[in-house]
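See below for the structure under consideration.
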Amino acid sequence: MILILAEKPSVAKTIASFLNAKTRKDGYFEGNGYIVTYAVGHLISLCDMKDYDKEKYSGSWKMENYPFIPTDKFRFKVDKTKNKQFKIIKSLLSRDDVEYIINATDNDREGELISFLIFMKAKNKKPIKRILVNEWTPEDITRGMNSLKDDNEMRNMQAAGYTRLLTDWLIGINFTCIATLKYGNGKMLNIGRVILPTVKLIYDREMEIKNFIPKIYYEIEGKFKAENGEYIGKYQNKKESKFDSLEEAREIVENIKKDDAFIKNKKISNSKEYSPKLFSLTSLQGYITSKYSSFTSDKVLSVCQSLYEGKGKGGFITYPRTDSMYLEESLASKVEKSLNVIKSGHRCEDSIKFSKSKRVFDSSKVESHSAIIPTYILPSGLSGDEKIVYEAIRDRFLSNFMPPAEYENTEITTDVDGHEFISKGKVLIKKGFLELYNKESKTSLLPLVTKGEKVDVLNISPVEKSTTAPKSYTEDTLLKAMKNCGKNVSEDDTTVLSGYSIGTSATRADVLKKIRQVGYVKKNGKSYAITELGSNLVEIFPVKNLFDVDFTGKLEKNLLDIQKGEYNRKEYLNMICKFVYENVNKIKIGPNANINTDKIVYNPKTKKFVKESSFALAKKNAKGYKKNTKQVNKAKAQEKSTKKKAKDIDEATGLEIIAKCPECGKNILESKKAFACENYRSCGFTIWKNDPLLSSFSKKPNKTFVRGLSNKKKATLKSLLDSKGNKFDSEFTYIIDENNKLKLRILTE
């Protein structure tokens, strides 16, 4: 027997029907030498913190438990609501008559992750092969079954999916908990790798609108009367047509003495308008949400997934989670077949002709999956929402094989006393693809005139205009901004920002849904607006990299490079762990610690800084403190020492004040890892005790060293070793670099 694992029940039903595995069992189909079972999305998830140590991590969140990074290995568990289906799959994997497995989950990073975790958790030992298809039609299933890939060929994609999962878990669990404890004031603050830069995009746009100051400018318009009608022209001098002041515009008008004019020039040219490109998921979501108020981007994706799975009848559209607007050139014959089926009987059938044009077929612009198009299977019994989405995909597909619309463009230059006024007109002469949409293109008509013809001047006057504020994000424009990391890049540019994005086509819709649900943003009609909670998050949360679209874009690009085998997974995860560790600790001991009214004190038992209230409670309840007199005395000595040195202790953090910052005059505090100004995020003064530049010294930077830098901006450390191992002294100074970070520099050697 051959066991096939699909991602959803509907796809399993389609495959089973094609393979003639007709016997329906509990959680799978069987027959004709095949067993076809299915996941129900993600069956396996990462364990919670409490699963690592129930006694320590159960109950309310505690500041001292973060950062949390598993020290041995990450643990996984079965989703409780899907445990039955997992047990079914596990039992099928262990059947003696199963020779090997075919993985038939969705052909993407998340599909590969779903199956990888199931096989890992079930401790599968059977060989695995992979079917890679873009649509679930009988023809494609046949093609896929005849060209199965070995599971080893999928390792990079599995690594990318696995790495993405760990990344989002590490960032989410650590920063959500620490931010909620520090800044939440009773409200949970959801922090995520993709959530924060999306919120920041909306915040920045709102600030642009709020702070926008309109700029007034002036243009000069002339109204003229020719033999065949009136028209308007705009004054232009060497392509300049705008004036900063009314006086400048009036001066031009006053210089025009004559009240008659003539047609100095007339240009006629033809232009073509081609159908918009095929849909990517992002452009489809934008198109549907801007046209139908009942749709959100996550709803569009859900409907697409239903059309892709085809309700067990075979897929009606190709794989929807794609960022491409082009088709692989190798698909030409298959696309032609679909086109001929779909156009049959259509009112525009005679105008729809297959051609392998570069506007449609271009493999160089397809990253992994081609654009969304219909399959040759005509759907039936669609719901209202499915009909809307399917017809949008179908019509965009058909229109790309129709002629372009054609226009005649007219430009008239009217001369008034040596001053030129430009008038432009546009007339549709061939509908082309517009015929499919039953719509007229916007037309601006000019009266018929001839070169040299005299015309009357009816009026010439300045017209006040004003610059307008940027528009609030809509679902359409926000999705595009996420795709391009806020960069102004054309919709079909697939080279400049390849893989460099906020999220992926598969996740962006869910992110938009989540930031609305948690209350960071709201929708006013079709426009997104920031809430007070969202504004506070952006302004207060100190880890600014998590808001940075470039930082997030680079992380997404790194994941794509892991998928391509061009970046090392362990190196990436080490970077993420370091980022989490350092920034969580900065939040705990940083200059904004006084936002939390509970004083932070040192716990000598745990050797950690904790809330004073939890420390007092621990002393009261812990048996070790009651039984061990020595430990009690040690704690009292610590408290007594702290009181004695109250003038040298920062109350917000419990850290010792070493000196005054030479940059801003605020306190320099000593933590376990660094000497840093309490205002270090602004002034940049931080000296890491493990600074690589100081690694050759026999002693790490101490208080004397820091006080020297504070007083003189210079300090000396002894016992530096040269390349031959000889000792010598060296003098240091510091500078602030372009990123506002302090760097130590050697002055003498």
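The values are calculated or read from the model by the stated rules, or taken from the named source; none is laboratory data. Just so it is clear, the structure is predicted and the values come from calculations on it, not from any experiment. Positions of Cβ are backbone-derived with ideal geometry, glycine not excepted, and every protein chain shown enters the neighbour counts. The protein model used for the area step is the full one, side chains on, heavy atoms only, and it has no ligands, DNA or RNA in it. Shrake-Rupley method; radii C 1.70, N 1.55, O 1.52, S 1.80 Å.
Are any residues in the stretch 195-229 among the charged types (D, E, K, R), outside any helix (DSSP H, G or I) and surrounded by fewer than 13 Cβ atoms within 10 Å (Cβ to Cβ), and if so, which ones?
K215, E227
Given the options K25, K50, K87, K13, name the one that is within 30 Å of G184 (Cα to Cα) and open to solvent by 60 Å² or more (accessible area, probe 1.4 Å).
Numbers: K25 fails: within 30 Å of G184 (Cα to Cα); K87 fails: within 30 Å of G184 (Cα to Cα); K13 fails: within 30 Å of G184 (Cα to Cα).
It is K50.
Of the numbered conditions (1) part of a loop (DSSP other than H, G, I, E, B); (2) of a type in the set (S, T, Y); (3) farther than 30 Å from K266 by Cα, S364 fails exactly one; give the number of that condition.
(1)
Of all residues in the stretch 107-141, which are open to solvent by 60 Å² or more (accessible area, probe 1.4 Å) and either of a type in the set (S, T, N, Q) or more than 24 Å from E367 (Cα to Cα) (or both)?
M120, K121, K123, K125, P127
Conditions (1) part of a helix (DSSP H, G or I); (2) under 17 Å from the mean Cα position of the chain (by Cα), marked per residue:
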site	(1), (2)
L537	yes, no
N545	yes, yes
T552	yes, yes
E556	yes, yes
L560	yes, yes
E566	no, no
Y572	yes, no
C577	yes, no
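For the stretch 653-673, which positions are assigned to a loop (DSSP other than H, G, I, E, B) and of a type in the set (S, T, N, Q)?
Matches in the stretch 653-673: T653, S671.
Residues that are crowded, with 16+ Cβ neighbours inside 10 Å, modelled with pLDDT of 80 or more and not basic (K, R): does the stretch 685-692 have at least one?
yes
Listed here are the residues, each with its yes/no results for (1) out of contact with any strand residue (DSSP E or B) (no Cβ under 9 Å at 6 or more places or on another chain); (2) not acidic (D, E).
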position: E248; (1), (2): no, no
position: A261; (1), (2): no, yes
position: S271; (1), (2): no, yes
position: P276; (1), (2): yes, yes
position: F295; (1), (2): yes, yes
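For G486, indicate whether it is modelled with pLDDT under 95, within 27 Å of K267 (Cα to Cα) and out of contact with any strand residue (DSSP E or B) (no Cβ under 8 Å at 6 or more places or on another chain).
No: the conditions fail for G486.
List, please: which pairs have Cβ atoms under 6 Å, are six or more places apart or on different chains, and start with a residue in the stretch 8-27 that is over 14 Å from K311 (Cβ atoms) and end with one that is surrounded by 14 or more Cβ atoms within 10 Å (Cβ to Cβ) and among the aromatic types (F, W, Y)?
Sorted first by the residue in the stretch 8-27, then by its partner, the pairs are L19/Y34; A21/F29; A21/Y34.
State all residues of the stretch 273-322 that are in a loop (DSSP other than H, G, I, E, B) and under 20 Å from I515 (Cα atoms); if no residue qualifies, say none.
Scanning the stretch 273-322 gives S293, S294, F295, T296.
Is it the case, given these coordinates, that I178 is hydrophobic (A, V, I, L, M, F, W, C) and either open to solvent by less than 20 Å² (accessible area, probe 1.4 Å) or under 14 Å from S461 (Cα atoms) (or both)? Write out each step before concluding.
Numbers: hydrophobic (A, V, I, L, M, F, W, C): yes; either open to solvent by less than 20 Å² (accessible area, probe 1.4 Å) or under 14 Å from S461 (Cα atoms) (or both): yes.
Yes.
Select, from S294, S330, the only residue that is open to solvent by 70 Å² or more (accessible area, probe 1.4 Å), closer than 19 Å to A509 by Cβ, among the hydroxyl-bearing types (S, T, Y) and modelled with pLDDT under 95.
On inspection, the qualifying residue turns out to be S294.
S368 versus (1) farther than 17 Å from E135 by Cβ; (2) in contact (Cβ under 8 Å) with a residue 24 or more places away in the chain; (3) of a type in the set (S, T, N, Q); (4) open to solvent by 40 Å² or more (accessible area, probe 1.4 Å): which is the lone unmet condition?
Result: S368 passes all but (1).
Within the stretch 98-139, track down each residue that is in a helix (DSSP H, G or I) and either among the aliphatic types (A, V, I, L, M) or without any contact (Cβ under 8 Å) to a residue 24 or more places away in the chain (or both).
Within the stretch 98-139, L113, I114, L117, I118, M120 qualify.
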